[in-house]
Amino acid sequence: MLTLPPKVTQRAFERLSEIGANADGKALRIGVKGGGCSGFEYEIDLDEAKDNDLILEGSGQKVVIDSISLPFLSDATIDFTEELIGARFVIENPNASSSCGCGVSFSM
């Protein structure tokens with residue numbers, strides 16, 4: 001099975017630049033773990049890159065994904081959105097068969 005790397009929107013990279021992530025030696029870490037109301041849950045955090053991470057770079061910023069989470073995020077899009085409920089990084093995942101209303105949990 002072909003695994004396509006996730007894509008990161010320019011808006012997401014710009015938000016990382018605004019918060020000074022790379023200046024602090026940090027990258028946006030996207031991970032997947034078991035749990036959540038739909039079976040899997042996204043983990044989104046600022047962290048340092050590790051040896052086995054896939055590193056996606058743009059606008060002088062980095063998004064990192066660990067090798068275990070990568071298959072769950074194949075061809076996903078990592079974006080940043082500002083809505084009435086707040087501003088946050090979001091993941092549009094074509095692999096998810098369903099997701100919960102909060103957008104942090106999904107099933108495959």
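The values are calculated or read from the model by the stated rules, or taken from the named source; none is laboratory data. None of these values were measured; they are calculated from a predicted model. Here the Cβ positions follow ideal geometry from the backbone for every residue, glycine too, while neighbour counts run over all protein chains shown. Just the protein is used for accessible areas: all its heavy atoms, side chains included, with ligands, DNA and RNA removed. Shrake-Rupley method; radii C 1.70, N 1.55, O 1.52, S 1.80 Å.
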Whole-Hz Karplus couplings 3J(HN,Hα) for the range 53-62, θ = phi - 60° and coefficients 6.51, -1.76, 1.60, Gly and Pro as x, run 7, 7, 10, 9, 10, x, 6, x, 10, 10
Accessible area in the full protein assembly, largest first, 1.4 Å probe, for 24, 75: 24, 75
Restricting to Cα atoms and excluding each atom paired with itself, what does the Kirkwood estimate give for the chain in Å? 14.1
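Please give the per residue accessible area of the chain, computed with a probe of 1.4 Å over protein heavy atoms only, in Å².
Each residue of the chain exposes 57 Å² on average to a 1.4 Å probe.
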Among 54, 22, 73, which residue has its Cα furthest toward the positive end of the charge dipole of the chain, with +1 on Lys/Arg Cβ and -1 on Asp/Glu Cβ? 73
Just the number, please: carbon plus sulfur as a percent of the accessible area of the chain, 1.4 Å probe, no ligands or DNA/RNA counted. 50
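Run the helix sum for the chain: -39,500 (n - 2.57) per DSSP H stretch of 4+ residues, divided by residue count, reported at 222 nm to the nearest 500 deg cm²/dmol. Walk me through the intermediate numbers first.
Working: 1 runs with 9 residues, N = 108.
-2500 deg cm²/dmol, from helical runs alone.
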